[in-house]
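**Q** The structure follows.
The values are calculated or read from the model by the stated rules, or taken from the named source; none is laboratory data. If you're wondering where the values come from, they're calculated on a predicted model, not measured in any experiment. Cβ placement follows ideal geometry from the backbone for every residue including glycine, while neighbour counts extend to all protein chains displayed. Quick note on the areas: whole protein, heavy atoms, side chains included, nothing else; ligands and nucleic acids left out. Shrake-Rupley method; radii C 1.70, N 1.55, O 1.52, S 1.80 Å.
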Amino acid sequence: MKIEAAESGPHQGLESRLVLFDLDGTLVDSSPGIWASVRAAAEALGLPRPTPEQLRGMVGPPLQDGFALVLGVPPDDVPRAVAAYRAHYSGGALLDATVYPGVPELLAALAGAGATLAVATSKPEPFAVRLLAHVGLLPSFASVHGATFDGAVRHKDQVVAAALAAHADGVRPVLVGDRAHDVLGAAAHGLPCIGAGWGPALPGELADAGAALVAATPRDVLTALKPG
């Protein structure tokens, strides 16, 4: 399935096309560092050790929402959980991440074809920039848009809005993301979402949320975006 323009025009190819990427679970497998920090936060609050299912559920959504909805942390204790998580995460766990195979080649091909690339993530923006720089992907992106530490900006529709505002001249924007909240955050702005099927989403999650298609590999994203 192609993700193409609804009408003909001067930008039929990838030139000037705005392609937004989620970070965790899409560009990088950051689960080891996230899981270690979630465990540290749970221990700090005296919570039961998170189950494997809960740990998987913490990758992707805003951190505050993950603690409240996935781990069941009472609202009054969520700030403590977030603080404990961030203390552990910023201490080094943040860098325990690896780039998914095929991602560098995808980014290089899109940039070479003239697309504009940006990151839209629910991870705090300073953490996102630090991680992208560590794994060598930061130069691939024109801008990075993430959450604020105070939680005022954390939802996917908010960071997508920031990316769209920063690239108002971007053509036919599209988001590539690995969880249902990515699909919904894109849809809030009328954007299609290509599901990153190599990420941690449960079977059927992306399709059920309304993803335009689910790509099995990064190469499949390029195939979907190429004209013709």
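**Q** Please work out which residue is most open to solvent (accessible area, probe 1.4 Å), limiting yourself to the range 52-70 and to residues that are without any contact (Cβ under 8 Å) to a residue 60 or more places away in the chain and closer than 23 Å to residue 92 by Cα.
**A** 52
**Q** Report, ordered by the first and then the second residue, all pairs with beta carbons closer than 6 Å, sequence separation of six or more or different chains, a first member in the range 185-197 that is over 11 Å from residue 212 (Cα atoms), and a second member that is open to solvent by 40 Å² or more (accessible area, probe 1.4 Å).
**A** Correct list of pairs: 185/157; 188/157; 197/214; 197/216.
**Q** Among the residues of the range 187-222, write down those that are among the β-branched types (Val, Ile, Thr), touching a strand residue (DSSP E or B) at 6+ places or on another chain (Cβ under 8 Å) and open to solvent by 20 Å² or more (accessible area, probe 1.4 Å).
**A** Correct list: 214 only.
**Q** So in the range 16-51, with the set limited to residues that are of a type in the set (Gly, Ala, Ser) and open to solvent by 10 Å² or more (accessible area, probe 1.4 Å), which one is farthest from residue 221 (Cα to Cα)?
**A** This residue is 46.
**Q** If you don't mind, another one. Which condition number does residue 86 fail, the rest of (1) modelled with pLDDT of 95 or more; (2) within 16 Å of the chain's Cα centre (by Cα); (3) not acidic (Asp, Glu) being met?
**A** Failed condition: (2).
**Q** Among the residues of the range 75-84, is there at least one that is touching a Ser or Thr at 6+ places or on another chain (Cβ under 9 Å), open to solvent by 10 Å² or more (accessible area, probe 1.4 Å), closer than 18 Å to residue 147 by Cβ and in a strand (DSSP E or B)?
**A** No: zero hits.
**Q** Under 8 Å between Cβ atoms, which residue pairs at least 6 apart in sequence (or on different chains) link something in the range 35-46 that is under 10 Å from residue 84 (Cβ atoms) with a partner that is of a type in the set (Asp, Glu)?
**A** Filtered contacts from the range 35-46: 45/77.
**Q** Among the residues of the range 147-156, are any small (Gly, Ala, Ser), closer than 17 Å to residue 66 by Cβ and within 14 Å of the chain's Cα centre (by Cα)?
**A** Yes, there is a match, as at least one residue in the range 147-156 is small (Gly, Ala, Ser), closer than 17 Å to residue 66 by Cβ and within 14 Å of the chain's Cα centre (by Cα).
**Q** Follow-up question, since we're still on this one. Under the condition of being modelled with pLDDT of 95 or more and out of contact with any Asp or Glu (no Cβ under 6 Å at 6 or more places or on another chain), which residue from the range 1-23 is nearest to residue 125 (Cα to Cα)?
**A** 23
**Q** With the condition kept exactly as written, say whether any residue in the range 89-97 is within 20 Å of the chain's Cα centre (by Cα), closer than 15 Å to residue 150 by Cα, open to solvent by 30 Å² or more (accessible area, probe 1.4 Å) and among the charged types (D, E, K, R).
**A** For the range 89-97, residues within 20 Å of the chain's Cα centre (by Cα), closer than 15 Å to residue 150 by Cα, open to solvent by 30 Å² or more (accessible area, probe 1.4 Å) and among the charged types (D, E, K, R): absent.
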